[in-house]
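Comments concern the structure below.
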Amino acid sequence: MSRATSTPKAGIQSEPRRPYLPFLVLLFVGSGCAALIYEIVWFQMLQLVIGASGISLGVLLGTFMGGMFLGSLFLPRFVPPSKHPLRVYAAMEAGIAGLGLLLLVAIPGVSGMYGTLVPPGLPSIIMRAVLCALLLLPPTILMGATLPAMARYVEATPRGVSWMGFFYGGNIAGAVLGCLLAGYYLLRVFDLPTATGVAVGLNLLVAGAALAVSRVSPHQPRLEEGAQEGPLFTAGRKAVYIGIGLSGLTALGAEVVWTRLLSLLLGATTYTFSIILAVFLAALGVGSGVGSYLARVVPNPRTALGLCQALASLGIAWTAYLISSALPYWPINPSITSSPWFLFQIDMARAVLALLPAPLLWGASFPLAVAAAAKKGQDSGRLMAGVYAANTVGAIVGGLGFSLIAIPYLGTQDAQRLLILLAIVSAGVLLASALTAKGPRPIGRFGRWVMTVGSVAVAALLISRLASVPPVMVAYGRYAPTYLPPKALFVGEGINSSIAVTELENGDRNIHVGGKVVASTEPQDMRLQRILGHMTALLTEEPRTVLVVGFGAGVTAGTFVTHPSIERIVIVEIEPLVTDVAAGFFSQHNHDVLRDPRVELIHDDGRHFLLTTDETFDLITADPIHPWMKGAAALYTQEYFELAAKHLNPGGVITQWVPLYETTEEVVKSELATFFQVFPRGVVWGNTKEGLGYDLVLSSTNGPRTIDIDALVARIDRFDHGPVAQSLSEVGFPSALGLLTTYSGTAQDLAPWLAGSEINRDRNLRLMFQAGLHLNRYQQSSIYREILDRSRFPSDLFSGSPQNIILLRAFLGLE
């Protein structure tokens, strides 16, 4: 039976003693830790199967949060209050563990089915959503139900609500631990199965502990079976649900916006994303703890909740100011040390300073919302489910809306203005409801007008003074403090990345993606881009079809326009802004390739395109972004190369870019060893800067790899290859022989050097974690020298007249 009490004090005294509540908070720490490990592992696995584009990630986020929402609603509807909450909780944790193991096998297994069923385009996007629902909904539904299940262990009194808040805070504390454990240790040192195993072990440990406590802590339901609690959406509760829903919307929307901006400032490595997420979650957890205490003592939690939302608008403005107007100009040179751990400390300090205020207030809002919606004697699980569901729905809208709509169409400046406005709206709804509710009114009619006008005025001031992200940060990211403001020809924020095009004083142009130069018209980059294109086309006779993965400035793709036999060029670029806008600034250098009738442009993830097409190609070349940037390492895995090999016609050629700067010998060895694992007849070609090593091109043929020098010279001398000869001469190759002088070694030459190197696999993406530790290393010259020292003249690779063989051998200086 429900217990009616006249005062909160009486309610607290009549509530049964629960000596195990602090221990249950620890269980939620373990549960939250496991959940974040799963989330990181599943996202990494699903990106490999369905692509790493913004749309894919948005669908993944929506599905994950949608499962949490459904779980919170289903629990009170399908599990009666008479069931012991600890046993229900234990069953769910065990179920999550079982499904976690199942997904470890199921997610990679769907890639074959996915690729054969769905072509690229809209059908592919729809199928992504269906797959996410099928794969992620069962475990996330159970995750979403755990908090409402455990809420039934306490009553809907101020003290009980306070403990519900501590459960929520413990869950977030565990999430922080899981984020750091997975991002910095489990996935860096081990692999996806090991990380999954740790999460499964945590689930089972939590389930066992919950069962053990249930045996010594009897359960007496607070509500009789079939009893009615009255309408869920009363006038006061509606305001609370709207307010906490908007709080979830602004919180996750802000996380999306600030992750985009801080990844520019700190460098878009996997470690940066872990730092940002950990700081954000930690602030939520601390705020939740404070809010849980306040929920027990404040006389009007709805008013307190409204004030939290009003103050959160100031917190949003604080973070926006620091990110756009302060931190980019702090004199912090990231190359001051090569130690990643020292830089992580600096990055953590900057993230804490920038992010802390608003998440603290959003964290405090949740337990205050539970307290504001609570009614004595009601089903605690139903109470928690309603608030949790409203908050989660808001989070879904915020995550999807800001990642897929607000940032691409409004930009981060206006997106943050919208966040401030939504926080003020949330505060207004709650404060207005508190002022009209029955009982004591802490603020009278005059106070209401003062607060309303004041909130609007403050919001208007904050919105009007909010600065846009500076071009130097979009262009140079973590190195922004070391550069003067560039001459920006274009700055834009796309669905996947922030893009800039800048021009140097000498007229050279750079295209920047995510705070990093990815292509330019500077001599060393033009040389590399032309090598990638022409080497690929010239190593096979009469190529007709080409696949280009990654567009950049379009110079590589544009080289294929000059080859007369080419009939079809498929370009796959993940960020639409790169091709829709930025490419126009390089049309003089890329032969205006996007206007060529032979070109088909596809905006998608390169791996996903190969998974969803049965087309094969004579030529495949990939110029992905640097492997230390999160997500890029998926285009350097053994499985990716195997996938590309299946789409390569007999006699076809594949090439791959490998950087030597901002990396170490260990990382380069991993990249080469992984490529040669699939293409054992691979060849290394070098690109130099001022005579020193800069980057590499790896190539391999699907068939005999002999290069007939005489035939190649004759081919380039043909009239129809005049544009090819002109394109090569522009970057310092006056003849075909000059292009061949970039030869640097073969897989056989380098086999002893590469022995024992880590193979980058889908199951570990080791390269992403290795490369992310070494962005401040500039060892390109010594690495290239190590490669050249092991090279010999490959008599089995080059053929032709003795004169040309002798001449090439002399140019290379090899025995």
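Structure values in brief
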{"item": "Highest to lowest packing among 93-102, 554-563, scored as the average C-beta count within 10 Å", "result": "554-563, 93-102"}
{"item": "Correct option for Rg/Rh (Cα atoms, Kirkwood Rh) [calculated from the coordinates] among [x] 0.99; [y] 1.07; [z] 1.04", "result": "[z]"}
{"item": "Net charge dipole size for segment 515-580 [Lys, Arg +1 and Asp, Glu -1 on Cβ; Debye, nearest 20]", "result": "120"}
{"item": "Virtual spin-label span in nm between I336 and Q726, 7 Å along Cα→Cβ", "result": "5.1"}
{"item": "Mean separation of Cα contacts under 8 Å (6+ apart) over length of the chain, as relative contact order %", "result": "14"}
{"item": "Estimated dipole of segment 675-815 in Debye, rounded to 20 [Cβ of Lys and Arg +1, of Asp and Glu -1, Cα centre]", "result": "400"}
{"item": "Among A349, L610, I141 the positive-end extreme of the charge dipole of the chain (Cβ point charges)", "result": "I141"}
{"item": "Positive dipole terminus of the chain, leading residue within A406, V79, A175 (C-beta point charges)", "result": "V79"}
{"item": "Those lysines that a straight Cα-Cα span of less than 18 Å connects to K516, excepting residues fewer than 8 apart in one chain", "result": "K487, K630"}
{"item": "Highest-first arrangement of 675-687, 419-431, 745-757, where packing means the average Cβ count within 10 Å", "result": "419-431, 675-687, 745-757"}
{"item": "Partner aspartates and glutamates for K375 [C-alpha distance under 12 Å; skip if fewer than 8 residues away on the same chain]", "result": "E155, E229"}
{"item": "Cα-based Rg / Dmax (Å) for segment 292-369", "result": "17.1, 54"}
{"item": "Extension reserve of the R595-S565 stretch, reckoned as 0.36 nm per residue once the Cα distance is removed", "result": "9.0 nm"}
{"item": "Whether segment 690-746 is rounded, prolate or oblate, judged on the alpha carbon gyration tensor where a/c under 1.5 counts as rounded", "result": "oblate"}
{"item": "Viscosity 1.567 mPa s, 4 °C: Kirkwood-radius Stokes-Einstein D of segment 256-342 over Cα pairs, µm²/s", "result": "83"}
{"item": "Net charge over other residues, Cβ less than 13 angstrom from the Cβ of G253 (K, R count +1; D, E count -1)", "result": "0"}
{"item": "Length gained when the stretch D708-A810 is fully extended (0.36 nm per residue, less Cα-Cα span)", "result": "35.0 nm"}
{"item": "Computed E for D414/Y329 - FRET, C-beta separation, R0 25 angstrom, nearest 0.05", "result": "0.65"}
{"item": "Whole-Å semi-axes of the ellipsoid equivalent to segment 313-420 (Cα gyration tensor, √5λ, descending)", "result": "35, 19, 13"}
{"item": "Column: log10 I(q)/I(0), Debye, Cα scatterers of segment 569-642, q = 0.13, 0.19 Å⁻¹", "result": "-0.45, -0.94"}
{"item": "Within the accessible area of segment 514-592 (1.4 Å probe), percent carbon and sulfur", "result": "48"}
{"item": "Environment charge of A415, counting only residues whose C-beta is closer than 15 Å and scoring Lys/Arg +1, Asp/Glu -1", "result": "-1"}
{"item": "Under 15 Å, Cβ to Cβ, from G291 - net charge with Lys/Arg +1 and Asp/Glu -1", "result": "+3"}
{"item": "Computed [θ] at 222 nm, deg cm²/dmol, the chain (DSSP H ≥ 4; -39,500 (n - 2.57); rounded to nearest 500)", "result": "-19500 deg cm²/dmol"}
{"item": "Per-peptide average of other Cβ atoms within 10 Å, ordering 565-571, 332-338 highest first", "result": "565-571, 332-338"}
{"item": "Long-range tail of P(r) for segment 726-785 (Cα pairs > 20 Å, %)", "result": "56"}
{"item": "Dipole of the chain, positive end: most advanced residue of S727, Q656, G267 [Cβ charges, Cα centre]", "result": "G267"}
{"item": "Per residue, in Å², the accessible surface of the chain once ligands and nucleic acids are set aside, probe 1.4 Å", "result": "37"}
{"item": "Rough spin-label spacing in nm, given labels placed 7 Å along Cα→Cβ, for Q803 and E615", "result": "4.3"}
{"item": "Estimated dipole of the chain in Debye, rounded to 20 [Cβ of Lys and Arg +1, of Asp and Glu -1, Cα centre]", "result": "4460"}
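The values are calculated or read from the model by the stated rules, or taken from the named source; none is laboratory data. Owing to the predicted nature of the structure, the values given are computational and were not obtained by experimental measurement. Glycine also receives a Cβ, built like all others from the backbone with ideal geometry; neighbour counts cover every protein chain displayed. Just so you know, the surface numbers come from the protein's heavy atoms only, side chains and all, with ligands and any DNA or RNA stripped out. Shrake-Rupley method; radii C 1.70, N 1.55, O 1.52, S 1.80 Å.
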